[in-house]
Structures are given as C-alpha cells and as structure tokens.
Amino acid sequence: MAGYILPTVTNTYNVYRKGNTLIGLSDEITIPDFTAVTEEMSGSGLLGKIQEAVMGHFDSQELKLPFLNLDDDIFSFADPLEVIDLNLRASQQQLNKKNGTKGYRGIRIAVRGPLKSFSPGVLKQGGRMGSSATLEVHYILIEIDGEPKLELDKLNGVYRVNGKDIMEEMRKYC
C-alpha cells in the first residue's frame, strides 16, 4: 500500500527550542545540504581525474532561521557559550493515488549547533525587519513518522542512513 502514497505538501510546521514554540518566524526555512568532502584522485590505472567522496565527511552546514521582526526568541540564540538545540516539526499532507483520500504524516528535523551569525535586519516603516539567526550545524536528524531516515553527528562520528550505520566498518580500524 505504501507505493500508492504520494507526499504532496507541507501542511504546517513549527520550530521548537527547549520545548517552546519559537514565535515570529517567517514562512520558509531551508534544510542544509549534504555535500560530501572530496579528494581528487589521479594516477596510473585511472583515465583522468575523479573526485572521491570521503565517507561520512560533509562540508560545513548551516541553518538560517528567518524572523519577521526582532523578538525575544532571536536573542535567546546570542549566547556564544550555549549550543542551540532545535526541533522542526511538520505535518506533511499526502494523497492516496489508489482511492484519492488524503492523510498526513509527521516529519521531525532535529538540529544542534552554535550561532554562526545574527542579522538584526532593517527598519522600514510599515514593514518587516527581516531579522535572522544562522546556526553552524554539528548535528542533524531527519525522521519521517518517527523513523530515523538520516542522522549526522559531526562531533561524535555518527552517520546513519535508514538506520544503517555507515561508519561502522571504519570504526573497526580506529
């Protein structure tokens, strides 16, 4: 039956810090890309150059939280000694292709990391300030309906995809 389910739109979402909903967020947050760290390889036996991905290693990742205006929540990120721990929870609407019924599934994205940048925004009469806080992502977990799909913990050497420990074999040798 799962092959008949088509995820259509994110119906709604909230961002939580320490169990509290963050207030004043604008409508869109971009989830960080996973771009592998690579090393260029060339030499005998190769017909040219290739980029070899270093397993489990990814470029710097960031998550930008856009706020409509300056608010107490955005200032709670400013302490450089504190790690920011967020949960993004979404309700994703889906369509059953077989019978046309609609349903929902939950998505949770957990991120942790320090503040990388803070932008107070602009002052404009009758307008939004466009404030933002950007985190350097050290940890990210993506779950769909409670099932872990992807987990990356850069500080603790964890990289899992669909529950599979990608770094397990590498740890045998270290």
Name the residues in the range 51-76 that are over 17 Å from the mean Cα position of the chain (by Cα) and within 29 Å of Leu123 (Cα to Cα), would you? Phe67, Leu68, Asn69, Leu70, Asp71, Asp72, Asp73, Ile74, Phe75, Ser76
When Cys174 is evaluated against the numbered criteria (1) in contact (Cβ under 8 Å) with a residue 60 or more places away in the chain; (2) open to solvent by 30 Å² or more (accessible area, probe 1.4 Å); (3) of a type outside the set (Phe, Trp, Tyr), which criterion, by number, is the only one it fails? (1)
Please go through the range 124-137 and pick out each residue that is surrounded by 10 or more Cβ atoms within 10 Å (Cβ to Cβ) and not basic (Lys, Arg). Gly127, Met129, Gly130, Ser131, Ser132, Ala133, Thr134, Leu135, Glu136, Val137
Scan Ser117, Ser91 and give me the residue that is more than 27 Å from Gly3 (Cα to Cα) and of a type outside the set (D, E, K, R). Ser117
If I ask for residues that are out of contact with any Phe, Trp or Tyr (no Cβ under 7 Å at 6 or more places or on another chain), among the hydrophobic types (A, V, I, L, M, F, W, C) and open to solvent by 50 Å² or more (accessible area, probe 1.4 Å), which ones from the range 80-117 would you list? Leu81, Val83, Leu95
Would you list the strands (runs of 3 or more DSSP E) that sit entirely within the range 11-95 and hold 3 or more residues that are of a type in the set (A, V, I, L, M, F, W, C)? 36-41, 50-58
If you go through Phe34, Phe75, Phe58, the only one that is surrounded by 15 or more Cβ atoms within 10 Å (Cβ to Cβ) and within 29 Å of Ser117 (Cα to Cα) is Phe58
Would you confirm whether any residue within the range 27-40 is small (Gly, Ala, Ser) and modelled with pLDDT of 95 or more? yes
In the range 1-10, which residue that is among the aliphatic types (A, V, I, L, M) and outside any strand (DSSP E or B) is farthest from Gln94 (Cα to Cα)? Met1
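The values are calculated or read from the model by the stated rules, or taken from the named source; none is laboratory data. Owing to the predicted nature of the structure, the values given are computational and were not obtained by experimental measurement. Cβ atoms come from the backbone with ideal geometry, glycine included; neighbour counts cover every protein chain shown. Each accessible area value is taken on the protein alone, full model and side chains, heavy atoms only, with ligands, DNA and RNA left out. Shrake-Rupley method; radii C 1.70, N 1.55, O 1.52, S 1.80 Å.
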